[in-house]
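Below is one structure, written out as structure tokens; comments come after it.
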Amino acid sequence: MKRKTKLIHGGISTDPLTGAVSVPIYQVSTYKQEGVGNHKGFEYSRTGNPTRHALEELIKDIEGGTAGFAFGSGMAAITAVIMLFNKGDHVILTDDVYGGTFRVMTKVLNRFGIDSTFVDTSNLDTIVEEIKPNTVAIYIETPTNPLLKITDIEGAARLAKEHGLLTIVDNTFSTPYWQNPIEQGADIVLHSATKYIGGHSDVVAGLVVVNSEKLAEELHFVQNSTGGVLGPQDSWLLIRGIKTLGIRMEEHEASTAAIVQFLTNHPAVKKVFYPGLESHPNHDIAKKQSRGFGGMVSFDVGSEQKADKLLQKIHYFTLAESLGAVESLISVPARMTHASIPAERRAELGITDGLVRISVGLEDVEDLIDDLKQALE
Ligand SMILES: *Cc1c(COP(=O)(O)O)cnc(C)c1O
């Protein structure tokens with residue numbers, strides 16, 4: 001099955017009972033048992049729900065793993081994955097990881113004795129330097145947010161295997177349509193499905209796929225024990241979103257390429273961050289491990305004042321956090337998504353006050369370019 005077909009026919013795509021071509025929303029918490037323990041595979045909806053199960057089978061198929069899991073948000077998914085570990089364990093993470101991931105590792109999970117170190121994983125040597133006797137996993141986000149840095153997934157996974165560590169990849173920005181980390185050696189891939197997978201700014205959700213029965217069993221135990229599951233309505237919305245993921249990503253990609261070209265040639269733009277640019281430091285790795293470069297672009301206009309002026313004049317790009325939706329979004333990471341990262345650390349990472357991040361939507365690209373043109377004047 002080719003990729004676009006799998007998005008529509010993967011997992012469980014019809015209802016065997018009625019022939020409905022869309023999996024029904026099983027709005028139910030419990031299931032009748034014919035006798036004690038004699039049921040049709042579902043007992044209680046925290047443990048398993050048919051609509052959520054259909055979504056979990058689908059994401060498993062499109063990421064190419066052993067089992068899928070749906071959570072109430074990307075952060076619930078990330079937290080559940082880290083709960084696979086124990087007190088005293090240590091995780092190495094990408095330094096410009098999603099702000100919420102940084103926060104949960106350093107302000108919540110640290111209180112349960114899980115230690116973390118943040119390094120520039122786009123340089124594999126820096127990972128090796130941080131491996132300690134209690135290190136259990138390498139957690140990478142690629143491309144990163146907002147600087148679109150790229151980590152070599154295959155290289156990181158090889159390194160992890162050599163040291164007996166798990167490789168976890170946050171694949172939110174690339175989506176399973178462009179990038180499949182498990183095929184490149186990762187053990188666990190996760191998503192904020194709130195973004196491209198949902199795609200319509202109408203659902204908050206998280207997805208995880210693991211590559212072994214052992215991890216599947218362990219993660220199901222955590223999911224069922226801690227209970228951060230996705231409800232049936234939202235599971236259904238994600239199944240619907242996934243059906244158009246392929247055509248949406250193709251269109252995001254084409255529009256983004258045109259916008260990147262426009263921004264690169266604009267005198268008011270100091271620097272453009274996009275893995276599809278040949279000048280991007282890890283362009284070759286991005287090309288090797290992903291079939292597309294995605295719809296996220298960051299660019300530096302030089303100062304907070306200039307960024308504010310752009311925001312005042314822009315019309316079609318909605319000022320909002322989040323990304324990956326049909327509508328184009330714009331944000332200033334230093335004061336929005338990355339505000340929880342201390343100012344000095346932001347400076348270290350290169351998240352300047354003039355940095356603007358856009359998520360290119362599905363509007364007509366000519367309108368989007370005209371809009372950027374007038375706003376940059
Ligand atoms: C949004 C996001 C998250 C968190 O997901 P939520 O659905 O908002 O909880 C994690 N990682 C990345 C890369 C994100 O963009």
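The values are calculated or read from the model by the stated rules, or taken from the named source; none is laboratory data. What you see is a predicted model; the values in this text were computed from it and never measured. Neighbour counts are summed over all protein chains in view; Cβ atoms, including those assigned to glycine, are modelled from backbone coordinates with ideal geometry. When the accessible area is computed, the model is the full protein with side chains, heavy atoms only, and any ligands, DNA or RNA have been set aside. Shrake-Rupley method; radii C 1.70, N 1.55, O 1.52, S 1.80 Å.
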Practice task
List the lysines whose Cα lies under 27 Å from the Cα of Lys87, skipping any in the same chain that are fewer than 8 positions away.
Solution key: Lys107, Lys132, Lys161, Lys214
Handout entry: Solvent-accessible heavy-atom area per residue, rounded to whole Å², over the chain at 1.4 Å
Key = 43 Å²
Problem - Exposure ranking of Met105, Met75, Met1 by accessible area [1.4 Å probe, largest first] - result: Met1, Met75, Met105
Exercise for the section: Would you mind calculating the gained length between Thr14 and Tyr44 on full extension (0.36 nm times residue separation, minus the Cα-Cα distance), in nm to one decimal? Expected result: 8.6 nm
Fill in the blank from the handout: Longest the chain segment clear of trypsin sites (Lys or Arg not before Pro) sitting in DSSP loops (not H, G, I, E or B) with at most 12 other Cβ atoms within 10 Å runs 88-377
Practice task
Compute the distance in nm between two label points, each set 7 Å from the Cα along the Cα-to-Cβ direction, one at Asp202 and one at Thr30.
Solution key: 3.3 nm
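List the GluC sites (Glu not before Pro) within region 26-80 that fall in a DSSP loop (any state other than H, G, I, E or B) and whose Cβ has at most 16 other Cβ atoms within 10 Å.
Glu34, Glu43
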Handout entry: Lysine pairs within region 246-376, Cα separation less than 17 Å, 8 or more sequence positions apart or different chains
Key = 8
Practice task
Can you send over the solvent-accessible area of Thr352, 1.4 Å probe, protein chains only, in Å² to the nearest 10?
Solution key: 60 Å²
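Starting from the exponent 0.38 and prefactor 2.2 Å, build the expected Rg for the chain from its residue count and divide its actual Cα Rg by it.
Values: Rg = 20.8 Å, N = 377, 2.2 N^0.38 = 21.0 Å.
Normalised by 2.2 N^0.38 Å, the Cα Rg of the chain equals 0.99.
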Exercise for the section: Starting from the Cα of Val128, step 7 Å toward the Cβ, then list every residue of region 283-326 with an amide N under 20 Å from that point. Expected result: 285
Problem - Heavy-atom SASA rank of Asp371, Asp353 (probe 1.4 Å, accessible area, largest first) - result: Asp353, Asp371
Exercise for the section: For the chain, calculate the relative contact order in percent as a whole number, restricting contacts to Cα pairs under 8 Å that are 6 or more residues apart. Expected result: 17 percent
Completion exercise
Here the equivalent ellipsoid of region 289-377, derived from its Cα gyration tensor, has semi-axes (largest first, whole Å) of 22, 17, 11
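Figure the gain on full extension for Arg111 and Leu319 (residue separation times 0.36 nm, minus the Cα-Cα span) and round it to one decimal in nm.
Details: separation 208, 0.36 × 208 = 74.88 nm, distance 3.44 nm.
Contour length minus the Cα-Cα distance gives 71.4 nm.
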Practice task
State, as an integer percentage, the relative contact order of region 161-293 based on alpha-carbon contacts under 8 Å between residues 6 or more apart.
Solution key: 23 percent
Practice task
Give me the number: length gained by fully extending Arg3 to Asn224, i.e. 0.36 nm times residue separation minus the C-alpha to C-alpha distance, one decimal in nm.
Solution key: 76.5 nm
